[in-house]
Amino acid sequence: MSEQNVNILEGNTFVVSDRRGDIEASPSAAEGLFRDDTRFLSRWVLTVDGKRADVLSVENLRSDEVQHFLVPGAGTVYINSVVSLIRKRKVADGFHEWLTIFNHSDEERALTVRIEADSDFADLFEVKDALKKKGTCYRAVDGGRLVLGYRRERFNRETAISSDPPADFDDRGLVFRAVVPPQGSWTCRLAVEALRSTRGGSQGPRPSLDRWSQEAPRLVSSWRSLERTYERCLEDLAALRFYPLLVKGALPAAGLPWFMTVFGRDSLITSLQALPFTPDLARTTLLQLAEWQGSTIDDFRDEEPGKILHELRMGEMVAFEERPHSPYFGSADSTPLFLILLDEYERWSGDEAVVRQLEFAARAGLEWIDKYGDRDGDGYVEYERRNAETGLENQCWKDSWDSIKFADGRLAKLPRACCEIQGYVYDAKMRCARLARRFWNDRALADRLEAEAARLKKKFNEDFWIERGGYYALALDGDKKQVDSLTSNIGHLLWSGIADTDKAASCVRHLMGKRLNSGWGIRTMAEGDAAYNPIGYHVGTVWPHDNSMIALGLRRYGYRREAARVAHAMLEAAHFFQGRLPEAFAGYPRSLTNFPVEYPTACSPQAWSTGAPFLLLRTLLGLEPVEGRLLVDPALPESIERIELTEIPGRWGRADAFGLGRLRLEAA
């Protein structure tokens with residue numbers, strides 16, 4: 001987010017304001033109070049005696065709480081005020097705000113305090129696309145509360161605003177006549193409640209942040225910046241917890257401001273990143289996504305039997321089927337990622353009950369891969385949306401429309417078989433073979449899956465390998481031509497294990513070379529390709545989650561030093577973002593900038609970027625569950641003298657991991 005914006009969030013409720021704490025949302029700006037994909041407050045402006053406040057400072061107390069230190073506007077650069085203000089705000093199914101005015105003079109002050117309040121009740125899709133409302137807004141005073149409302153047929157949303165002391169109301173909002181004694185203060189408490197249907201709502205009281213932090217492993221490091229990043233990630237992941245109604249527990253929402261909802265791919269990857277730290281997220285994610293698993297063929301929603309959803313929304317446009325997200329299934333990789341997480345969760349937790357409970361869902365996912373994912377029977381999972389007017393054109397993790405291009409800049413023809421998805425499928429079948437043999441009492445299925453995985457690996461290494469370049473194609477297009485751009489996706493092939501060992505070294509050279517490696521992290525597309533753009537969403541930016549998976553892939557193939565380089569660079573970048581890695585940042589070379597350059601519309605916090613430092617810590621410490629025990633095999637750069645991670649939860653109970661920095665890294 002811009003430095004001019006301040007955001008606080010808790011679950012599926014968030015507030016984005018300016019640094020004064022004011023909200024003045026334009027139709028296409030993601031500012032306001034949002035809950036369940038609806039903007040419940042689009043205007044919230046404080047004036048004192050008709051003047052806007054000036055900012056002294058802003059203090060983010062925690063992810064769901066902020067304080068704004070203000071003085072009444074002077075209309076000049078010189079500020080010598082005898083009055084100051086503090087606005088303290090906390091999110092909770094709306095928000096509470098405490099306004100305190102201090103009188104620093106020896107005379108009583110009589111002030112007119114006004115809060116202008118309004119709402120456009122915009123659906124988040126309407127905000128993104130600057131669309132007009134189709135229903136009717138209304139406002140009324142009811143029982144000492146100001147009620148802002150919106151109605152369109154059966155769809156009804158309201159915002160209720162109350163205060164203590166009670167306010168006067170007019171057509172602009174709330175008015176207070178504040179009398180502040182000499183050297184004294186006046187305080188007002190405001191409550192803003194977002195009223196909506198219960199669909200997708202909370203299960204009740206949520207575990208506190210303090211309890212969440214206490215249950216997580218403790219990190220001590222010689223690198224204080226790493227400790228701060230770890231603490232910030234724990235706090236942000238707690239704030240991103242989404243509590244569905246169908247399953248007890250929390251799963252991660254994707255990110256603020258655009259994606260504060262459940263995403264299949266994002267929730268699965270984040271849960272996998274966080275397994276050594278908070279395994280319960282994975283359990284809830286698996287159980288909830290299984291509840292929403294596809295059961296029919298629905299062209300509007302890209303739904304197919306056995307498919308894991310892409311995205312669930314709860315706003316007006318979804319309610320009237322003007323968008324397909326109820327839920328929407330346009331993701332070709334969520335299903336194999338679901339199967340991967342199921343196995344990885346059992347390896348860490350020993351929770352056999354969930355593996356047995358989700359056997360049917362897992363078998364349905366395997367059937368989707370072969371019957372619907374492989375559209376033409378060539379052994380690869382391809383994607384193409386069923387409805388040309390709705391949904392996503394690209395259904396891989398690089399899901400912007402222009403991400404799958406040839407090295408010369410041409411857009412690849414649909415349907416597309418992206419390389420990393422084939423790796424996920426390979427890994428999913430290998431893992432499900434283990435589950436079938438050990439828990440489902442189906443040796444025949446296990447043998448078949450292992451044979452299919454072996455054939456896929458052999459065929460993949462023949463069809464996707466670009467001999468002249470020494471790397472794997474980004475995809476096969478609709479004509480089965482190799483999409484020959486050089487991208488970060490090759491790192492995912494190391495993560496999944498589908499890359500042949502004799503081809504890995506060449507891929508590693510590309511990943512660590514200057515075309516892909518910016519010095520702050522691995523770019524999504526290599527410098528020099530025609531489509532490369534260091535500030536292009538998926539064609540040159542650096543994505544933290546992408547790098548965390550690449551680092552673990554490098555470690556899997558024995559490239560410990562290279563894995564440490566990627567992890568260290570990404571954790572260095574986190575320092576410049578105050579410990580909160582954004583969704584993506586610019587791919588400019590490190591030699592050009594002394595800091596990672598922000599991407600203009602990146603989500604922050606964003607779930608799988610929040611989870612990236614967790615996976616990087618796992619990589620640096622070499623944490624792997626092996627036959628009921630935690631294996632620790634650290635490979636730290638010498639710039640990090642020591643890392644101590646204690647009380648790591650798992651099937652072993654709690655375990656500790658220690659590492660000393662011994663690896664000498666090449667200069668970035």
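The values are calculated or read from the model by the stated rules, or taken from the named source; none is laboratory data. In this text the structure is predicted, and so the values were computed from the model without any measurement. Cβ coordinates were reconstructed from backbone atoms using ideal geometry, including for glycine residues, and neighbour counts include every protein chain displayed. What goes into the accessible areas is simple: the full protein's heavy atoms, side chains included, and nothing from ligands, DNA or RNA. Shrake-Rupley method; radii C 1.70, N 1.55, O 1.52, S 1.80 Å.
Go through Lys481, Lys429 and list them by solvent-accessible area, largest first, probe radius 1.4 Å. Walk me through the intermediate numbers first.
Numbers: Lys481 115, Lys429 15 Å².
These residues rank, largest area first, as Lys481, Lys429.
Between Glu322 and Glu231, how many nm apart are label points set 7 Å from Cα along the C-beta direction?
Here the modelled spin labels are 4.5 nm apart.
Report the full-extension gain for the segment Asp298 to Lys128: residue separation times 0.36 nm, less the Cα-Cα distance, to one decimal in nm. The partial results should precede the final answer.
Values: separation 170, 0.36 × 170 = 61.20 nm, distance 2.53 nm.
58.7 nm is the gain from fully extending Asp298 to Lys128.
Hey, quick one: spin label on Ser105, modelled 7 Å out along Cα-Cβ, who in segment 163-190 has an amide N within reach, i.e. under 19 Å?
177-187
Using a Förster distance of 60 Å, how high is the FRET efficiency between Arg375 and Val220, based on the Cβ-Cβ distance and rounded to 0.05? Could you put the intermediate results ahead of the total?
Details: r = 51 Å, r/R0 = 0.85.
Calculated transfer efficiency: 0.75.
Using only the alpha-carbon atoms, how far is helix 443-463 inclined from the longest principal axis of the chain? Give it as 0 to 90 degrees, nearest 10.
The angle comes out near 90 degrees.
By residue number, which cysteines of the chain lack any other Cys whose Cβ falls under 4.7 Å from their Cβ?
Cys137, Cys188, Cys233, Cys419, Cys432, Cys507, Cys603, each lacking another Cys Cβ under 4.7 Å.
For Gly255, what residues show an amide H to amide H distance below 5 Å, using hydrogens built from the backbone and excluding near sequence neighbours?
When sequence neighbours closer than 5 places are left aside, the close amide H contacts are Met260, Thr261, Ala607.
Mind giving me the nanometre distance, one decimal, between the label points for Glu59 and Lys480, set 7 Å out from Cα along Cα→Cβ?
Going from the Glu59 label point to the Lys480 one covers 6.6 nm.
Taking the Cα centroid of segment 380-399 and of segment 612-646, what is the distance between the two, rounded to the nearest whole Å?
36
At R0 = 30 Å, how high is the FRET efficiency between Ala353 and Leu246 if r is their beta carbon distance? Nearest 0.05 is fine. Intermediate results must be reported in sequence, preceding the final value.
On the way: r = 18 Å, r/R0 = 0.58.
That pair, Ala353 with Leu246, gives E of 0.95.
Is segment 571-668 best put as rounded, prolate or oblate by its Cα gyration tensor, with a ≥ b ≥ c the root eigenvalues, rounded for a/c under 1.5, and otherwise prolate when a/b is larger than b/c, oblate when not? The partial results should precede the final answer.
Values: a/c = 3.01, a/b = 1.60, b/c = 1.88.
Judged from the Cα gyration tensor, segment 571-668 comes out oblate (a/c at least 1.5, b/c at or above a/b).
Using only protein heavy atoms and a 1.4 Å probe, report how much of Phe125 is accessible, in Å² to the nearest 10.
Number for this one is 30 Å².
Set Lys and Arg Cβ to +1 and Asp and Glu Cβ to -1, take the dipole of segment 240-318 about its Cα centre, and tell me which of Gly294, Val247, His310 lies farthest positive.
In segment 240-318, that residue is Val247.
Can you tell me the 0 to 90 degree angle between the C-alpha axis of helix 264-273 and the longest principal axis of the chain, rounded to 10?
Roughly 80 degrees, rounded to the nearest 10.
To make sure I understand the rule: partners must be lysines, Cα under 22 Å from the Cα of Lys459, and not fewer than 8 residues away in the same chain. Which ones qualify?
Lys371, Lys413, Lys429, Lys480, Lys481, Lys503
Show me, for segment 558-566, the HN-Hα J-couplings you get by feeding each phi into the Karplus relation (A = 6.51, B = -1.76, C = 1.60, θ = phi - 60°), rounded to Hz, glycine and proline as x.
Whole-Hz 3J(HN,Hα) from phi for segment 558-566: x, 8, 5, 5, 5, 4, 5, 4, 5.
Which distance in Å, rounded to a whole number, links the C-alpha centroids of segment 164-190 and segment 14-50?
20
Express in nm, to one decimal, how much length is gained between Trp401 and Leu592 on full extension, taking 0.36 nm for each residue of separation and deducting their alpha carbon distance.
Numbers: separation 191, 0.36 × 191 = 68.76 nm, distance 2.89 nm.
Gain in length upon complete extension: 65.9 nm.
Please compute the modelled spin-label separation between Asp500 and Ala451, points set 7 Å along Cα→Cβ, answer in nm with one decimal.
2.3
Would you work out the charge dipole size for the chain about its Cα centre, treating the Cβ of every Lys and Arg as +1 and the Cβ of every Asp and Glu as -1, and quote it to the nearest 20 debye? All intermediate terms of the calculation are to be shown ahead of the outcome.
Details: 88 positive and 99 negative charges, 177 e Å.
So the magnitude is around 840 debye.
Enumerate the calculated ³J(HN,Hα) couplings along segment 590-607 in order (Karplus 6.51 cos²θ - 1.76 cosθ + 1.60, θ = phi - 60°), each rounded to whole Hz, writing x wherever the residue is Gly or Pro.
Per residue, the Karplus-derived 3J(HN,Hα) values read 4, 5, 8, 10, 8, 7, x, 7, 5, 8, x, 10, 5, 5, 7, x, 9, 4 Hz.
Provide the solvent-accessible area of Trp495, counting protein heavy atoms only and rolling a 1.4 Å probe, rounded to the nearest 10 Å².
20
Can you work out the FRET efficiency for the pair Arg468 and Asn387, with r the C-beta to C-beta distance and R0 = 41 Å, to the nearest 0.05?
Values: r = 38 Å, r/R0 = 0.94.
Using R0 = 41 Å, I get an efficiency of 0.60.
Could you give the angle, 0 to 90 degrees to the nearest 10, between helix 334-349's Cα long axis and the longest principal axis of the Cα atoms of the chain?
90
Taking H placed 1.01 Å from N in the peptide plane, check which residues at least 5 places from Gly173 or on another chain put their amide H under 5 Å from its amide H.
Ala117
How big is the gap, in Å, between the Cα center of segment 237-296 and the Cα center of segment 111-144?
Between the Cα centre of segment 237-296 and that of segment 111-144, the gap is 30 Å.
Spelling out what I want: for every residue of segment 543-551, take phi, set θ = phi - 60°, compute 6.51 cos²θ - 1.76 cosθ + 1.60 (Karplus), and round to whole Hz; glycine and proline get x.
Coupling constants for segment 543-551: 10, x, 5, 4, 5, 5, 6, 5, 4 Hz.
By how many nm would the segment from Asp49 to Phe69 grow when fully extended, if each residue of separation counts as 0.36 nm and the alpha-carbon distance is taken off?
Gain on extension, Asp49 to Phe69, equals 5.4 nm.
With charges only on Cβ, +1 for K and R and -1 for D and E, what is the dipole size of segment 230-271 about its Cα centre, in debye, rounded to 20?
The calculation lands at about 160 debye.
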